[in-house]
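Any read-out appearing in this document is the output of simple, stated calculations on the displayed coordinates, not a laboratory observation. These numbers were taken from a predicted model, which means no experiment stands behind them. No Cβ is skipped: glycine too gets one built from the backbone with ideal geometry, and neighbour counts run over all protein chains shown.
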Amino acid sequence: MALTNSSAPVRWRRLMPVAFIVAAGALGGSALAEPAHACAAPREWDIGAYDQCIADGYGKGYDDQEWENHEALCCWATGGDWNAAQGKCQAPPAEPAQRPAVAPGVITQTLEPAAPPVIRNPGVVTGTFSPAPANLG
């Protein structure tokens, strides 16, 4: 009995890369259409988790720099904003900063071409030279 290959698996193998590209485009397209919503999700600082993280660091023998790094890591991990100047964790802003509404792909700056390079004409200098006489010696 001879085995025959079905064309369905080959078709599926050819369509899989296309399906992945379409899926990636669909998921990534939302980030291009609404960049503010894709990048700036509202955050909440979980103070209870921050306090627990800090408590877990007690007694570990951290020096001053390691302890500050531990505090900063706990702050970031729980949704806070680390203020390095004051050395403390702060709650994130209530609303993310809004930038002016500009449609994607719209140029808001006038672009000007660069000035052409300056080319000096060496013909004036080379016209005064004459060929060297042939050595008939």
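The residue 47 and residue 111 beta-carbon pair, evaluated with R₀ = 35 Å, returns a calculated FRET efficiency of approximately 0.15. Put a dot 7 Å past the Cα of residue 58, heading toward its Cβ, do the same for residue 84, and the two dots end up 2.9 nm apart. Packing-based ranking of 44-52, 76-84, 111-119, 59-67 yields 76-84, 44-52, 59-67, 111-119, ordered from highest to lowest mean Cβ neighbour count within 10 Å. In this simple spin-label model, placing a label point 7 Å from the Cα along the Cα-to-Cβ direction at both residue 66 and residue 94 gives a separation of 4.1 nm.
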